[in-house]
Structure formats: C-alpha cells, structure tokens
Amino acid sequence: MTNDEGLKLIRAVEQADSSAGLINAVQALAEARLEAGVPTLVAVLSYNNPGAAVAAVDGLVQLGEAAVNQLLDQIDDYNYGGRAWAIRALAGIGDTRGLETLVSAAETDFAMSVRRAAVKGLGNLRWLQMPAQEVRGAQERVLNTLLLTSQDQEWVVRYASVVGLQALATSVAVTQTDFLQKISAHFEQIVNTDPVLAVRTRIQLAMQQLQDVSAKVGIA
C-alpha cells in the first residue's frame, strides 16, 4: 500500500460524517494493518461509537506490538469508554508491556466486562518478550491477581480467572512447577464452593487438564 493510499484511509476516518460512515472507514483502516494508522485507531477508542471501537480494537490487535506503546500512552483515566476499549486491545495483544495496566484493571475496574477482558489478557501474556530476570516476579504478580479475581463477585470474571490460571499453570509448568501445584490446590479448594455451575464445571475441566500437564512434567 502506498503512503497516499494509507493517508486516504486515515482521512476517511477523520472526516467521516455519520456513524455508519465512521464504522466503515475504521474497518477499512483496520483491515489495511497500517502501522501509521495506529494513532487514528487509538483515537477512535474514545469516540462514542461502539461499532467503530470494536473495529479499532480488532485492528490494533492485528497490529500487535506496534500498537502497544501508543495504547499505553493514550489511556485516559478520565474517559472511561476509551480506557475500557484500550484495555480490551491490550488484552488481545498479550504484550507484557501491558502487565501493570492489565493488573490494575483486573483488580480495581468497576466494570465487569473490563475486569474480564483484563483477566483474559493476563492469562495470555507472552513471557518470552520479557527479560529473563524479570519473568518470575511478573508471573508471581499475575498469579496473585488471578487468585484474587477468581473470587470476584461477578461469575464471568471468576470464569475468566479460571481460564487464566490454567493458561498460566500450563505455560510455566516446566520452569515454575510450584505455580502448577499452587493453582491445582486452589482449584481443589474452590471447585465445590462456587455458586455458579458454569464456573464449577470450568474448574473441573481445568483440574483434569492440569493433571495431564503434571503427568507430563513428572509431578505426582
């Protein structure tokens, strides 16, 4: 794609004069996977247009690492809507630079959907991006947060936390066997106490799959 073509896509977003026109323009820009379009896609997150925001999030997730710094720089604590969409984008990307933002959102955001998105993001962080000496501490931070959110008042957040804990245990099973044991023990404690059947069922599935992981790494 030429620079002129990219600029046309960006201008189409900036000059859209209707809700439908904005959504179409954002979708076109997102599909182009144009790094120069990141600032525009990030700006769209703060517009009062959920359809355009969804398209912008999809585009930012596709761009991945190239979008992370601008997402973190532009998160606006005073614009809740924009912040919520930015959290969703960071969660979808899974870059470890978003760790602190995702932890904060998972533990403190008042919106159930944002906490759930942040929890999912924590479960999908790509640890190979992080300097080796920082990984253990960061993983402990994520573990503590997911243990906390597994007690969230909203069942969808608890469900997402179970998924996140299973993903964490699986990803570190070889290097951090104590995490696998802690998470398995935690599941045993809550499997029969959660009031929602869907959550209990998901915990049971996680326990079964972690048993397989334990067998593979030689943990009795």
Rounded to the nearest 10 degrees, the helix 197-217 long axis (Cα) sits at an angle to the longest Cα principal axis of the chain of 70
Springs between alpha-carbon pairs under 10 angstrom, Gaussian network model over the chain: which of D194, D95, D73 fluctuates most? D73
Using only the alpha-carbon atoms, how far is helix 155-171 inclined from the longest principal axis of the chain? Give it as 0 to 90 degrees, nearest 10. 70
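Rounded to whole Å and sorted largest first, what semi-axes of the equivalent ellipsoid does the C-alpha gyration tensor of region 77-116 yield via the square root of 5 times each eigenvalue? Write out the running numbers ahead of the final one.
Working: eigenvalues 45, 24, 17 Å².
So the equivalent ellipsoid measures 15, 11, 9 Å along its semi-axes.
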FRET efficiency (V196, Q15; Cβ distance; R0 45 Å; to 0.05) is 0.45
Please report Rg (one decimal) and Dmax (integer) in Å for the Cα set of region 111-188. 12.1, 35
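Please work out how much length the chain gains when fully extended from A215 to Q189, using 0.36 nm per residue of separation minus the C-alpha to C-alpha distance, in nm with one decimal.
Details: separation 26, 0.36 × 26 = 9.36 nm, distance 2.07 nm.
Using 0.36 nm per residue and subtracting the Cα-Cα distance, I get 7.3 nm.
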Rounded to the nearest 20 Debye, what is the dipole magnitude of the chain about its Cα centre when Lys and Arg each give +1 and Asp and Glu each give -1 at the C-beta? 580
For the chain, the charge dipole (Cβ of Lys, Arg +1; Cβ of Asp, Glu -1; about the Cα centre) points to a positive end, and the Cα of V26, Q209, Q166 closest to that extreme belongs to Q209
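Quick one: if the Förster radius is 41 Å, what FRET efficiency do L148 and E65 give, using the C-beta to C-beta distance and rounding to 0.05?
Details: r = 28 Å, r/R0 = 0.68.
Plugging the Cβ-Cβ distance into 1/(1 + (r/R0)^6) gives 0.90.
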What FRET efficiency comes out for the pair A28/V156, r = Cβ-Cβ distance, R0 = 25 Å, nearest 0.05? 0.20
Tell me the angle of helix 80-93 to the major Cα principal axis of the chain, expressed in degrees between 0 and 90 and rounded to the nearest ten. 60
Based only on other Cβ atoms within 10 Å, what is the fewest-to-most ordering of W155, W85? W155, W85
Let me spell out the model: positive unit charges on the Cβ of Lys and Arg, negative unit charges on the Cβ of Asp and Glu, origin at the Cα centre of region 1-93. What dipole size does that give, in debye rounded to 20? 160
Diagonalise the Cα gyration tensor of the chain and give the resulting equivalent ellipsoid semi-axes, square root of 5 times each eigenvalue, largest first, whole Å. 36, 19, 14
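No lab work stands behind these numbers, since they all come straight from the coordinates. None of the values given here were measured: they were computed from a predicted structure. Here Cβ is always computed from backbone atoms with ideal geometry, including for glycine, and neighbour counts include all displayed protein chains.
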